[in-house]
Amino acid sequence: MSPRVIRHCSGFPTVIRALYSLLTVLAQPLLRRKLARRAQAEPGYAVAVEERFGHYSHAAGAGYVWVHAVSLGEARAAAILVAQLRERQPGMRLLLTHGTATGRAEGARLLQAGDVQVWQPWDTPGAVARFLDRFRPRVGVLIETEVWPNLTAACSARGIPLALANARLNAQSLARAQRMGWLARPAYRALAAVWAQTDADAERLAQLGAPVRGVFGNLKFDAMPDAQQHRRGRQWRAAFGRPVLLLASTRDGEEQLFLDIFKEKVPLAPVDRSKLAINNVVKRDVNSVQWLVVPRHPQRFDEVAARIEQAGFAVSRRSTWADGVPPSRTGDANAPPTVWLGDSLGEMATYYGLADVALLGGSFVPTGGQNLIEAAACGCPVVMGPSTYNFAEAAELSEAAGAALRVADLAQGMALALDVAGDAVRQRTMANAAEAFALQHRGAAARPAEARGALLAGAAAGARTPATTWPAAR
């Protein structure tokens, strides 16, 4: 069949989804092996594995408001939306789904009597059908990016309005989706509504046929840091007596870059400088501050600890701190520098409170960066690298507000972080700007909650949402 014939064959998308469905079925043994491997480092992946394949121990139900929050960040965003939904609909029964162990652990905090929490079904027709048959949700809300072909098609066929809230789509993801257009476009078109974070996200989503109903901002601005954790971090910082610089939510490769630069400035053994290719711009003594590394993924905690020790430094893990308090600086001038390792979950507010400056993980390797909104809400200045495409607008707005600074690489980032930490006036000015920036952008949660109410009312009346599309929805 020629490409021209394929383009005009109305049944071709159905064939493509059938092939996709076959692949998802065949991939199930691989998924089971992957989960078993992940469970060795994160036991949460061994919990209720059969739920991922549509087999549940829960009693059948109906009438749930279904929210899907795949991972930790989405679960925190979902918390804001769920609170708004409960305020508008007392007695609401929540069906909460996830894809990662950290997301499920965080989501458990949102549950009330009558709610259900399960894994997202793997996107086979059978697993999706069993999921929808068991729980029969009235409406579904996916958080940020989770659009699966069989799931959206099944919801559309059953008349279950499925919305994408806090939606984002970067240029790289758009290009990938366009390459798989026969599969991606029907999935996005099957959504009942899409509420984007930014105008740029809305434009890219609309290119895939998504029914964009509005640009509501980022839910994560409405998430308040845990006050007790933040206060504890501030107390630790005040008691410690010297600046703490945080490498926040680091990705694979960034810790080694940091250790190479640190080792270059504090040589413990001969170093092949020709292989480091480090821009030697660090002005202040890197050993005059305390460095704290918090990896993004918990399964890498042991690996990162081993890397620190292999580099010749001592490592102090958060999980070993006596009475939960950071250790004081050793008085032994001959002792190797100590790097703190934040090997705990759900304590970023503590780490941001403890830090004078944070270097944004994921931005010094080409992974698109991490969310810097929580750092801003904690009043922690941020230094970020060149790769922030996953949170482009938040990064740009933060930089414009004076809450963040951008550099070309990690060596420059460490140098700039040292300078900011060593300048009390500059550090305080950036901290104040960060808090003001976070406060300015709050209020996004109410709008998708109101829109969800309209979506549900339309479903009860047997109608889909109005055919308003971007940019008229602005």
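When 33, 76 are checked against the criterion of being modelled with pLDDT of 90 or more and either open to solvent by 40 Å² or more (accessible area, probe 1.4 Å) or in a helix (DSSP H, G or I) (or both), a single residue qualifies: 33.
Of all the criteria given as (1) part of a helix (DSSP H, G or I); (2) in contact with a strand residue (DSSP E or B) (Cβ under 9 Å, 6 or more places away or on another chain), the one not satisfied by residue 102 is (2).
Of all residues in the range 99-127, those that are buried (at least 21 other Cβ atoms within 10 Å of the Cβ), free of Cβ contacts under 8 Å to residues at least 60 places away in the same chain and polar (S, T, N, Q) total 1. Give the residues of the range 128-139 that are at pLDDT 95 or above and either open to solvent by 60 Å² or more (accessible area, probe 1.4 Å) or closer than 14 Å to residue 152 by Cβ (or both), sorted by residue number. The answer is 128, 129, 130, 131, 132, 133, 134, 136, 137. Quick check on residue 132: is it within 18 Å of residue 191 (Cβ to Cβ) and touching a His at 6+ places or on another chain (Cβ under 7 Å)? For residue 132, the condition - within 18 Å of residue 191 (Cβ to Cβ) and touching a His at 6+ places or on another chain (Cβ under 7 Å) - is not met. For the range 363-414, which residues satisfy the criterion of being farther than 26 Å from residue 229 by Cα, under 15 Å from the mean Cα position of the chain (by Cα) and buried (at least 19 other Cβ atoms within 10 Å of the Cβ)? If the condition is that a residue be farther than 26 Å from residue 229 by Cα, under 15 Å from the mean Cα position of the chain (by Cα) and buried (at least 19 other Cβ atoms within 10 Å of the Cβ), then 388, 390 are the ones that fit. Filtering the range 44-64 to residues that are exposed (fewer than 11 other Cβ atoms within 10 Å of the Cβ) and touching a residue at least 40 places away in the same chain (Cβ under 8 Å) leaves 60, 62. Summed over the range 73-96, the residues that are touching a residue at least 40 places away in the same chain (Cβ under 8 Å), over 16 Å from residue 167 (Cα atoms) and among the aliphatic types (A, V, I, L, M) give a count of 3.
Tell me, please, whether a residue that is modelled with pLDDT of 95 or more, open to solvent by less than 30 Å² (accessible area, probe 1.4 Å) and polar (S, T, N, Q) can be found in the range 415-427. Among the residues of the range 415-427, at least one is modelled with pLDDT of 95 or more, open to solvent by less than 30 Å² (accessible area, probe 1.4 Å) and polar (S, T, N, Q), which makes the answer yes. Say we look at the range 198-225 and pick out the residues that are at pLDDT 90 or above and of a type in the set (Asp, Glu); which of these is most open to solvent (accessible area, probe 1.4 Å)? Of everything passing the filter in the range 198-225, 203 is most open to solvent (accessible area, probe 1.4 Å).
Screening residue 316 with (1) open to solvent by 20 Å² or more (accessible area, probe 1.4 Å); (2) touching a residue at least 24 places away in the same chain (Cβ under 8 Å) gives one miss only, at (1). Kindly indicate whether any position in the range 123-133 is closer than 22 Å to residue 20 by Cβ, hydroxyl-bearing (Ser, Thr, Tyr) and in a helix (DSSP H, G or I). Scanning the range 123-133 turns up no residue that is closer than 22 Å to residue 20 by Cβ, hydroxyl-bearing (Ser, Thr, Tyr) and in a helix (DSSP H, G or I).
When 390, 371 are checked against the criterion of being assigned to a loop (DSSP other than H, G, I, E, B), modelled with pLDDT under 95 and not aromatic (Phe, Trp, Tyr), 371 stands alone in meeting it.
Here residue 201 passes the criteria (1) part of a helix (DSSP H, G or I); (2) over 30 Å from residue 161 (Cα atoms) except the one numbered (2). May I ask you to verify whether residue 386 is without any contact (Cβ under 8 Å) to a residue 24 or more places away in the chain and under 18 Å from residue 405 (Cβ atoms)? Yes.
The values are calculated or read from the model by the stated rules, or taken from the named source; none is laboratory data. Just so we're clear, the structure is a prediction, and the values are computed from it rather than from any experiment. Note that each Cβ is placed from the backbone with ideal geometry, even for glycine, and that neighbours are counted across all protein chains shown. For the accessible areas, the whole protein counts, side chains as well, though only heavy atoms, and no ligand, DNA or RNA atoms are used. Shrake-Rupley method; radii C 1.70, N 1.55, O 1.52, S 1.80 Å.
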